[in-house]
Amino acid sequence: MTDRADPTLYRFSPGWSDRPADGSDGPVLVVALEGWVDAGLAASSAVTELLSASTITDVAEFDPETLIDQRARRPVARLVNGVTAELTWPSLRVQAGRDGTGATVYYLTGPEPDFRWRSFLEAVLDLVERLGVRMVVGLGAFPAPAPHTRPVRLASTVPPQSAGLAARIGFVQGTIEVPAGIQAALEMALGEVGIPVIGLWARVPHYVAAIPFPEASAALVDGLCAVTGLVLDSSTLHAAAEASRRQVDELIAGNPEHGEMVRRLESSIDSEEGNLFGLPEDDVPSGDEIAAELERFLRGEGP
């Protein structure tokens, strides 16, 4: 272990051996932590699908007593006829799976830490080094003025050292300031030590941001494959997206005002010339408007 990480902050799972040989250039680490913006449950649903499609092995677990506020993220009790049969505690961990070619993929999942962010970053850097990770990809989603009748587009965030990766996906034009999640801090820390890293963000139609939107999850999986070369199956998510789109169509059809809103969004995005939000330049939300929208979403006030 390097001397930068607190050795008590995480531990390897029993029987785990470092760097499994799979013939690839090195494994990819996918990061999807709960607590920051995840409109349409896009990132969490994408990772759930990927984990269910592979044989998963526990790699390492972080100390929840040190990193997590148990009153803010309470354990879940399962009651059977008044008897507390099980108590499930929040878990922040790394697991290993395989893609379609047998290449190793690591997944960092669980609640975003409440405490000791800098120590947590040092521990993740230590894990990345010990596991021989070649690239780190974060997943997320935000509510945006986009219609559900058009393909979900992705935006990326990267540190300066990984700017070349952003060109493969696209990014926010101009300068904005928004509250940062642990993913932003992790991107900066990884960039400083020379590990390629990119955050993929699906823009979810703002009017469906509070319900599952599987098309955004499918877009994240496809984007993950595009930037890493991994072979991952998104067909189940695409099938769910078709059913979800039909349901939203039915809801929109019953409200003329909503139908007009969707038509305006379609017109805007169809005439888009490259800006992230799919709107003419005069209509692109300001940084303050975007930040306020994200903050309202995170507080549960809806788009």
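The values are calculated or read from the model by the stated rules, or taken from the named source; none is laboratory data. In this text, all values refer to a predicted model and were calculated from it rather than measured experimentally. Here the Cβ positions follow ideal geometry from the backbone for every residue, glycine too, while neighbour counts run over all protein chains shown.
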If we keep just the residues of segment 43-70 that are surrounded by fewer than 16 Cβ atoms within 10 Å (Cβ to Cβ) and without any contact (Cβ under 8 Å) to a residue 40 or more places away in the chain, which is nearest to Q183 (Cα to Cα)?
-> T48
Being β-branched (V, I, T), touching a helix residue (DSSP H, G or I) at 6+ places or on another chain (Cβ under 8 Å) and in a loop (DSSP other than H, G, I, E, B) is the filter; apply it to segment 134-182 and report the residue that is nearest to L41 (Cα to Cα).
-> V152
Within segment 110-123, can you find the residues that are crowded, with 20+ Cβ neighbours inside 10 Å and under 12 Å from the mean Cα position of the chain (by Cα)?
-> G110
Scan segment 145-195 residue by residue and report those that are under 18 Å from M135 (Cα atoms), among the charged types (D, E, K, R) and under 15 Å from the mean Cα position of the chain (by Cα).
-> E187
The one condition V208 fails out of (1) over 24 Å from L265 (Cβ atoms); (2) surrounded by 16 or more Cβ atoms within 10 Å (Cβ to Cβ); (3) touching a residue at least 40 places away in the same chain (Cβ under 8 Å) is (1)
Considering residues that are surrounded by fewer than 20 Cβ atoms within 10 Å (Cβ to Cβ) and assigned to a helix (DSSP H, G or I), the number found within segment 190-205 is 2
Can you confirm whether segment 244-254 contains a residue that is over 15 Å from the mean Cα position of the chain (by Cα) and not in a helix (DSSP H, G or I)?
-> yes
Does any residue of segment 170-181 turn out to be in contact with a Gly (Cβ under 9 Å, 6 or more places away or on another chain), of a type in the set (D, E) and over 26 Å from G26 (Cβ atoms)?
-> yes
Restricting attention to segment 154-189, and to residues there that are exposed (fewer than 14 other Cβ atoms within 10 Å of the Cβ) and within 22 Å of L33 (Cα to Cα), which single residue is modelled with the highest pLDDT?
-> A180
Which numbered condition P143 fails, given (1) more than 29 Å from D63 (Cα to Cα); (2) out of contact with any strand residue (DSSP E or B) (no Cβ under 7 Å at 6 or more places or on another chain) = (2)
In segment 207-225, is there at least one residue being under 29 Å from D126 (Cα atoms), modelled with pLDDT of 90 or more and in contact with a Gly (Cβ under 6 Å, 6 or more places away or on another chain)?
-> no
Would segment 19-29 turn up any residue that is farther than 17 Å from V105 by Cβ and either assigned to a helix (DSSP H, G or I) or modelled with pLDDT under 90 (or both)?
-> no
All-but-one check, E122 against (1) assigned to a helix (DSSP H, G or I); (2) in contact with a strand residue (DSSP E or B) (Cβ under 6 Å, 6 or more places away or on another chain); (3) not hydroxyl-bearing (S, T, Y), failing number (2)
